[in-house]
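What follows is a short report on a single structure.
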Amino acid sequence: MIGQLRGKLLVKQPPDIIIDCNGVGYEVQVPMTTLYALPELNQETTLYTHFVVREDAQLLYGFATQVDRKLFRLLIKASGVGPKLALAILSGMSAEQFVSCVAHDDVTTIVKIPGIGKKTAERLLIEMRDRIKDWQADLVTPATDAAPFELAADNALNVSGAKGDATNALVSLGYSQAQADKAIKAVYDASKSSEQLIKDALKAML
């Protein structure tokens, strides 16, 4: 199993990135919270990974912190939650925010995530309640792990096509094309990077 990658960040095409590790480029899918924490292109970065083997594909999922990876692994064990939906959850909120939703039985916030209806949200909160109670202390994150929403998005390079990249990223997370277009349009500013547009759009929708 591939548990960690350290190398040069070559591509950021949300939610996919490519990391060059000693000449081998690994394609990794990451939640938006991890994307915001990544450095600029051609800088070295480290990701904690989860490797999934299917009949038709071998997929790597990457996370900025071990806590995020642990929550991802717990989420995909829940009934009706696959890797794509788990990424959508971790894209919409931090691990701390998700645990808070579970603790407060906050169905209203959970159903705002694409692909989760009220019944699924209620079942998810019940299932996760017992699974996370033993590791909530892990979520007291140090300053270096501070909320990804506040990290590298502000330092990302602004590239052409940022609006399109941001829209495509939201669609890949499960939002409809119409929802993605509307959300990005509402927060669009030509000076913003795709990461910042995604960040602002997700905040506005959740």
List the relative contact order of the chain as a percent without decimals, with contacts defined as Cα pairs under 8 Å and 6+ residues apart. 20 percent
The chain: most fluctuating residue of K70, K185, K12 per GNM, C-alpha cutoff 10 Å: K185
Carbon plus sulfur fraction of accessible area for the chain, probe 1.4 Å, in percent: 48 percent
Against the 2.2 N^0.38 Å rule of thumb, the C-alpha Rg of the stretch 1-61 sits at a ratio of 1.05
Among V52, V102, V11: highest mean-square fluctuation, GNM of the chain, C-alpha pairs under 10 Å: V52
Dipole magnitude of the chain about its Cα centre, charges +1 at Lys/Arg Cβ and -1 at Asp/Glu Cβ only, in debye to the nearest 20? 480 debye
Express in nm, to one decimal, how much length is gained between T46 and I126 on full extension, taking 0.36 nm for each residue of separation and deducting their alpha carbon distance. 25.5 nm
Out-of-range pairs (alpha-carbon distance over 20 Å; input K70/K199; K8/K84; K77/K133; K77/K199): K70/K199; K8/K84; K77/K199
Given a 10 angstrom Cα cut-off, can you work out which residue in I110, I19, I126 is the most mobile in a GNM of the chain? I126
Just want the answer: with Cβ charges of +1 for Lys and Arg and -1 for Asp and Glu, which residue in G3, A183, I17 is farthest toward the dipole's positive end in the chain? A183
Can you give the extra length, in nm with one decimal, that the chain gains between K77 and R6 once fully stretched, where that is 0.36 nm per residue apart less the Cα-Cα distance? 22.9 nm
Note to self, the chain gives a 222 nm [θ] from helices alone (DSSP H runs n ≥ 4, -39500 (n - 2.57) apiece, / all residues, nearest 500) of -12500 deg cm²/dmol
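If eta is 0.692 mPa s and T is 37 °C, what Stokes-Einstein diffusion coefficient results for the stretch 162-205, Kirkwood Rh from Cα pairs, in µm²/s?
Translational D for this selection: 338 µm²/s.
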FRET efficiency (S100, A186; Cβ distance; R0 35 Å; to 0.05) is 0.85
Rounded to whole Å², per residue accessible area for the chain with a 1.4 Å probe reads 49 Å²
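The values are calculated or read from the model by the stated rules, or taken from the named source; none is laboratory data. The shown structure was predicted, so the numbers you read here are calculated from the model rather than taken from an experiment. We place every Cβ from the backbone using ideal geometry, glycine too, and count neighbours over all the protein chains shown. The protein model used for the area step is the full one, side chains on, heavy atoms only, and it has no ligands, DNA or RNA in it. Shrake-Rupley method; radii C 1.70, N 1.55, O 1.52, S 1.80 Å.
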